Amino acid sequence: MSYFKPQFRHPQLPTNERGFTRTAYEGLISTLCAGCGHDSISAAIIQACWELSLEPHRIAKVSGIGCSSKSPTYFLNKSHGFNSVHGRMPSVATGAFAGNHDLNYIGVSGDGDSASIGMGQFAHVVRRNLNMLYMVENNGCYGLTKGQDSATADEGSKSRTGQVNPFENIDLVGVALEIGATFVARSFSGDKQQLVPLIKAAIAHKGFALIDVISPCVTFNNHHGSTKSYDYTREHVQSGNIVDFVPSRTEITANYEEGQTHSVQLHDGSMLNLAKTKPEHDPGNLRAAVNALQASREEGEILTGLIYIDTEEPDFKTMMKIGEKPLNSLSQDELCPGGERLEKINASLR
Amino acid sequence: MSVQQKSSSSSKAKPVISSVNEFVIKFANVNGSGSASANTLFAKSIFRSGIPVAPRNIFPSNIQGLPTWYEVRVSEQGYLAKRGGGVDIMVSVNPQSMMEDVQEVLPGGFFVYDDTKPLDIRMLRRDIHYIGLPLTDITNREYEDARLRQLFKNVIYVGALAALLDIKLDVIDKLISEQFAKKEKLIKPNCEALRLGFDAVRESHSCPLAIRVEARDLVGDKIMMTGNSACGLGAVYAGATVAAWYPITPSTSVAEAFEKYASQLRYDKETDTKRYAVIQAEDELAAMGMVIGANWNGARSFTATSGPGVSLMTEFLGLAYFAEVPAVLIDVQRAGPSTGMPTRTQQGDILSSVYASHGDTRHVCLFPADPFDCFKLTVDAFDIAERLQTPVIMLTDLDVGMNDCMSNPLEWDDNYQYDRGKVLSAKELEEIEKFGRYNDVDGDNIPYRTLPGTHPEKGAFFTRGTSRDEFAIYTEKGEAYQRNMERLLAKWYSAPDYLPEPVITRSGKSASGATASHGFIFFGTSRDAVHEAVDILQNNGQVIDMLQLLAVPFHDSVREFINMHDHIYVIEQNRDAQMRTVLMNELDCDPLKLRSVLHYDGSPLSASVVIERVKPLMNIENIQSSN
Ligand SMILES: Cc1ncc(C[n+]2csc(CCOP(=O)(O)OP(=O)(O)O)c2C)c(N)n1
Ligand code: SF4
Ligand SMILES: [Mg+2]
């Protein structure tokens, strides 16, 4: 845990297109354990939002309960945040989005929060294709309640006290693919190079974007025998692709080898260029994505990168036919039918 | 003014109930047989004849095949509560329940049945009148298709009743043509079916009966509507934009009504877009989460559920209370606990609503009695929730929610402006030196809110269910936590300023000059039964004052009313005297003074039940319990 933040800032910190320095995207000092994967993810979110030049106050942060869900306090201090109840962030995000679709929604959850108590809400927010970035900070345990196994703990993984987990794990990436998620990615808190462009792409994606980030819990699940430790993850990560996010206004300059690249145009005009490390994995093809995931599982590897993307499916706003003007900004005149109309309704009830 | 009498000229003659416009008729049907619209047609024809009417569905938790009943009280005196104590006419269309149906007819009453087959002799009673109708014969003769036979059978018995009770055919014809305005082809066959029954019964029986209908002009501009429709429409008028819900009887039709009216009133054809969102959630937890999320963003949002749903929502209700996020919850109560009697009425969620959630929580609750109230209080609920930044729970029940209730017409004042509460705009934020979400700058225990996305630099904070200080900064300091809890409590005590006042009816003094020493306290759908009971008791010389609660927490006038009377009777539809508990808890009043009058068998409250229960308490054993 870091006890103080240096107040001194370099006068020539770089600014983004909106003129903001990175500081404008920071949060309060973290109170998580030093070395906790969640803090690296917060840093990646800050970096991604800064690089995207988002207006901080047009972002809304939502979370459930857990160490992971606490972390929105530690980034984007100029954004409103809502630390709701355990496992129920998706519903709060859904209502918030319905009320105002003009904000960028960043949801932060944990593996306990999403794969145990919140499994139901997780499944339903996926199928609604709610426009949000849904970040699972996955450490295979319940950090905040002192390290019990979570539902994402792998079968055979050892707890700190040496007990072996006998149960199958729930892979949220697999679940999300199965129930129709339109943006599915996995990453590792220790791989900022991969995580930052993924976050940017997820925010630009029109619809629901899941990033399952392996985020080791240094205090309760970082020992030998755990399959969610830093060491184990580093050894077993197998990147399916290298992601490069190109904002809409930028000229595309990078050169990729023929047949090894895959480009996806996002709704806001930006491009997602993927350098494939596994040529058979085409993230635009659901079957290929499922196969790649399964293959990596059989090999005992952890597949990361952009696993699947579908830019065609209608998002929640479209399916709900919500008009352009956010519902929370409609005036009484636009909402209330008035007395004359009520008289007609009365007349129809006689 | 009682027009009902049981005349028997000699001891041997069968008694005959004779009455104009004051009777109860009950239809025994099979669930899913299409009887509902014919039954409604009947009730509506009474209403159109200018006579107060109160129809009620009694139905099982089942889709097809089990018995259902439709009980209609016709009351020239305007009594709309369930009358209780047997029926005057039974229209028996369900062989399955015939045995019990025949027993329900009062001596001198009428049993209308299908005499295509002879009646089982076990159904024969000497003290009632049998009116056979060859229903199956007629439908077999007139219709080829089995489905049509079933459907028109219902209209045929309505035609027969028109002859028996002297309801004018043109009134019913008009209702039919209104009902099928968009399917004109159906008007003629329905009117014909009506006449088949009308003519058939006139051939075999002398019409009308001693019980009959005479047109009056007693309903004025009243309307007939279900409470659930009124709630849904109220939410549209209140400017609710996000409705999140999970299906459960008897509340489902609230969300459906909201969607129906919103799709007519808030749909933009040109762009094919809606100025509302109805989200069918995965469960009630999610429904409440969505409501809180939308309200956090400043969109008016509500959910509707019943007891089991309220149980699931309690964790979220605590969050909304503590984090001070507005929310509106409409609880259409049914008989619990657990699945209990899901299609029967009760007022059993008082305690689980007022004190919903763990820790010290108290919620504002509202209690409408009829569709007029349902509409009005739904509109009020959104103002109250935003003004007080807290959940508001409106407790209705199956009786008002799902039955067509005669009610005063809905009212709207075009000059009225929504009270959106204390929400800071970007400009207002600009002028504030330091914003503190939970900082009570006005001294009224209600701090200012900000909505996400308002201002680039100011007003952002973290909404959370964990303790925090006045500036929304996380803290586990006991003093800060306690300061906040004290403010929430003070806010609760000030809530009555924004809540509807109780309705107090003073009886004045009795003939002997005595002031009322008896006070009746009640709420919700108990109102009509209590009013009727009090009429009867006052006619018998009792002096009684009434207080109808519309809201918790209580106004001072409730305490004063209790203090003013020697004996208070708290009348409610549950086993555990839940409102009495709330009165004791909130007003610290002497428990011995509050006597319980309870009814909770799942049927609506009737005046006779009230009287039977209060008699021993009031020492008035000799009073008759009906008019
Ligand atoms: C209804 C409810 N049950 C239990 C808890 C206790 N609890 C708090 S956090 C947590 C687990 C969090 O695990 P995870 O989501 O994986 O977050 P992490 O701390 O590992 O980041 C639990 C069980 C709670 N807050 N609410
Ligand atoms: S307990 Fe684990 S998850 Fe929680 S802050 Fe510490 S390292 Fe992170
Ligand atoms: Mg965890």
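The values are calculated or read from the model by the stated rules, or taken from the named source; none is laboratory data. Keep in mind the model is a prediction, meaning the values are calculated, not measured. All Cβ positions, even for glycine, are placed from backbone atoms using ideal geometry, and neighbour counts span all protein chains on display.
Condition test on B:Phe520, is it in contact with a Phe, Trp or Tyr (Cβ under 7 Å, 6 or more places away or on another chain), crowded, with 19+ Cβ neighbours inside 10 Å and not assigned by TED's automatic domain parsing to the domain that holds B:Val354? For B:Phe520, the condition - in contact with a Phe, Trp or Tyr (Cβ under 7 Å, 6 or more places away or on another chain), crowded, with 19+ Cβ neighbours inside 10 Å and not assigned by TED's automatic domain parsing to the domain that holds B:Val354 - is met.
Residues of segment B:425-444 include none that is crowded, with 23+ Cβ neighbours inside 10 Å, touching a residue at least 12 places away in the same chain (Cβ under 8 Å) and of a type outside the set (D, E, K, R).
Suppose we keep only residues that are more than 19 Å from the chain's Cα centre (by Cα) and aliphatic (A, V, I, L, M) within segment A:292-310. Which one would you say is surrounded by the most Cβ atoms within 10 Å (Cβ to Cβ)? Among those residues, the one meeting the criterion is A:Ala292. The single condition among (1) in contact with a Gly (Cβ under 7 Å, 6 or more places away or on another chain); (2) more than 13 Å from ligand 1 (Cβ to nearest atom); (3) among the polar types (S, T, N, Q); (4) farther than 20 Å from A:Ile309 by Cβ that A:Asn131 does not meet is (4). When segment A:83-112 is limited to residues that are under 21 Å from B:Ala243 (Cβ atoms) and hydroxyl-bearing (Ser, Thr, Tyr), the one that is nearest to ligand 1 (Cβ to nearest atom) turns out to be A:Ser84. Scanning segment A:103-134 for residues that are in a strand (DSSP E or B) and within 16 Å of ligand 2 (Cβ to nearest atom) gives A:Val108, A:Ser109, A:Gly110. Based on this model, can you work out whether A:Lys61 counts as within 16 Å of ligand 1 (Cβ to nearest atom), touching a His at 6+ places or on another chain (Cβ under 9 Å) and assigned to a strand (DSSP E or B)? Criteria met by A:Lys61.
With segment A:170-239 as the region, which strands (runs of 3 or more DSSP E) entirely inside it contain at least 1 residues that are at pLDDT 95 or above, out of contact with any Pro (no Cβ under 7 Å at 6 or more places or on another chain) and within 16 Å of ligand 1 (Cβ to nearest atom)?
Where strands (runs of 3 or more DSSP E) fall fully within segment A:170-239 and carry at least 1 residues being at pLDDT 95 or above, out of contact with any Pro (no Cβ under 7 Å at 6 or more places or on another chain) and within 16 Å of ligand 1 (Cβ to nearest atom), they are A:183-188, A:208-214.
Going residue by residue through segment A:65-76, is there one that turns out to be closer than 24 Å to A:Glu324 by Cα and away from ligand 3 (no atom under 14 Å from the Cβ)? Within segment A:65-76, none of the residues are closer than 24 Å to A:Glu324 by Cα and away from ligand 3 (no atom under 14 Å from the Cβ).
Pairs are defined by a Cβ separation below 8 Å, a sequence spacing of at least 6 or placement on different chains, a first member in segment A:144-170 that is more than 23 Å from A:Ser109 (Cβ to Cβ), and a second member that is assigned to a loop (DSSP other than H, G, I, E, B) and more than 16 Å from ligand 1 (Cβ to nearest atom); the pairs so defined are A:Lys158/A:His224; A:Lys158/A:Gly225; A:Gly162/A:Gly225; A:Val164/A:Gly156; A:Pro166/A:Glu155. Selection of segment A:64-88 for residues being within 12 Å of ligand 2 (Cβ to nearest atom) and in a helix (DSSP H, G or I) yields A:Cys67, A:Ser68, A:Ser69, A:Lys70, A:Ser71, A:Tyr74. Taking segment B:160-276 and the helices (runs of 4 or more DSSP H) fully enclosed by it, the elements with 3 or more residues that are assigned by TED's automatic domain parsing to the domain that holds B:Gly293 and under 30 Å from A:His101 (Cβ atoms) are at B:227-237, B:252-265.
A single entry from B:Leu186, B:Leu233 fulfils the requirement of being away from every other protein chain (no Cβ under 14 Å) and either within 30 Å of B:Asp397 (Cβ to Cβ) or surrounded by fewer than 24 Cβ atoms within 10 Å (Cβ to Cβ) (or both): B:Leu186.
Residue-wise test of (1) facing chain B (nearest Cβ under 10 Å); (2) over 29 Å from A:Tyr25 (Cα atoms).
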position: A:Met89; (1), (2): yes, no
position: A:Thr94; (1), (2): yes, no
position: A:Phe97; (1), (2): yes, no
position: A:Ile106; (1), (2): no, no
position: A:Met119; (1), (2): no, yes
position: A:Leu133; (1), (2): no, no
position: A:Cys141; (1), (2): no, no
position: A:Lys146; (1), (2): no, yes
position: A:Thr152; (1), (2): no, yes
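Criterion applied to A:Val108, A:Val125 was being more than 16 Å from ligand 3 (Cβ to nearest atom), at negative phi, crowded, with 24+ Cβ neighbours inside 10 Å and β-branched (Val, Ile, Thr), and the one residue passing it is A:Val125. What about A:Ile29, is it part of a loop (DSSP other than H, G, I, E, B) and modelled with pLDDT of 95 or more? Yes, satisfied. Among what's in segment B:260-292 and is of a type in the set (Val, Ile, Thr) and within 7 Å of another protein chain (Cβ to nearest Cβ), pick the residue that is surrounded by the most Cβ atoms within 10 Å (Cβ to Cβ). Out of the qualifying residues, it is B:Val291. A:Glu137 meets the conditions (1) assigned to a loop (DSSP other than H, G, I, E, B); (2) more than 14 Å from chain B (Cβ to nearest Cβ); (3) within 13 Å of ligand 1 (Cβ to nearest atom) in every case but one. The failed one is (1).
From the list B:Leu317, B:Leu285, B:Leu366, the lone residue that is in contact (Cβ under 8 Å) with a residue 12 or more places away in the chain and under 18 Å from the mean Cα position of the chain (by Cα) is B:Leu366. The set of residues in segment B:603-627 being surrounded by fewer than 18 Cβ atoms within 10 Å (Cβ to Cβ), assigned to a loop (DSSP other than H, G, I, E, B) and of a type outside the set (Ser, Thr, Tyr) consists of B:Asn619, B:Ile620, B:Glu621, B:Asn622, B:Ile623, B:Gln624. Among the residues of segment A:311-340, those that are surrounded by fewer than 18 Cβ atoms within 10 Å (Cβ to Cβ), more than 7 Å from chain B (Cβ to nearest Cβ) and either in a helix (DSSP H, G or I) or not basic (Lys, Arg) (or both) comprise A:Thr311, A:Glu312, A:Glu313, A:Pro314, A:Thr318, A:Met319, A:Glu324, A:Ser329, A:Ser331, A:Asp333, A:Glu340. Among all residues of segment A:164-176, there is none that is crowded, with 24+ Cβ neighbours inside 10 Å, within 13 Å of ligand 2 (Cβ to nearest atom) and not polar (S, T, N, Q). Of the residues making up segment B:484-493, none is part of a loop (DSSP other than H, G, I, E, B) and either crowded, with 20+ Cβ neighbours inside 10 Å or among the polar types (S, T, N, Q) (or both).
Among the residues of segment A:140-169, the one identified as touching a strand residue (DSSP E or B) at 6+ places or on another chain (Cβ under 7 Å), away from ligand 1 (no atom under 15 Å from the Cβ) and among the hydrophobic types (A, V, I, L, M, F, W, C) is A:Val164. Screening the candidates B:Ala36, B:Ala54 for the property of being in the same structural domain as B:Glu178 (by TED's automatic domain parsing), assigned to a strand (DSSP E or B), under 21 Å from the mean Cα position of the chain (by Cα) and not aromatic (Phe, Trp, Tyr) yields one hit, B:Ala54. When B:Pro452, B:Pro409, B:Pro456 are screened for being within 8 Å of chain A (Cβ to nearest Cβ) and either surrounded by 23 or more Cβ atoms within 10 Å (Cβ to Cβ) or charged (D, E, K, R) (or both), only B:Pro452 passes. Determine if segment B:134-144 includes at least one residue that is aromatic (Phe, Trp, Tyr) and in contact with a Leu (Cβ under 7 Å, 6 or more places away or on another chain). Taking every residue of segment B:134-144 in turn, none turns out to be aromatic (Phe, Trp, Tyr) and in contact with a Leu (Cβ under 7 Å, 6 or more places away or on another chain).
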